[in-house]
Amino acid sequence: MSSPKMILVTVIMIVAALLPMVVVATVPPFSNYGRIAEGKKLWHQNGCIRCHGANAAGGNAVPPLINKNFRDTYKVMESYNDTSFKIREGSDPGWCAKKRYWDLPCMPSFKEHMTEDEIRMVIDFIRTLQK
């Protein structure tokens, strides 16, 4: 028969073994909280909020950045490079001309407004909002 002390030690060992899995599951990859907070600040300062909304839920004919369809289509959860390129360079000029014809917003370039690291902080912030 196990003693109460032995049971307590076993429970503590199980919790200690599982705790890292819980922490890893709740923290976005390649991120830390300082970068996320800075990304949120940059999100507001650079006007991302005007088209994409405070919580990236979309609006003004701009798709949400937080739903499964966007995540699967643009791979924000997987690739910094593709997403940072889109933020840095903006939309293709030819494609933008067609969108403007229908009076839809076009993604501007932010290469003059944010460094690559700042763009990646914004991506870290977006990742925390995705479902």
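Checking each residue in region 24-82 for being modelled with pLDDT under 70, of a type in the set (A, V, I, L, M) and in a loop (DSSP other than H, G, I, E, B) picks out Val27, Ala61, Val76, Met77. Pairs linking a residue in region 106-122 that is in contact (Cβ under 8 Å) with a residue 60 or more places away in the chain to a residue that is of a type in the set (Asp, Glu) and surrounded by 14 or more Cβ atoms within 10 Å (Cβ to Cβ), with Cβ atoms under 6 Å and 6 or more positions apart or on different chains, are Met121/Glu38.
The values are calculated or read from the model by the stated rules, or taken from the named source; none is laboratory data. On a predicted model such as this, the values are computed, not experimentally measured, just so you know. No Cβ is skipped: glycine too gets one built from the backbone with ideal geometry, and neighbour counts run over all protein chains shown.
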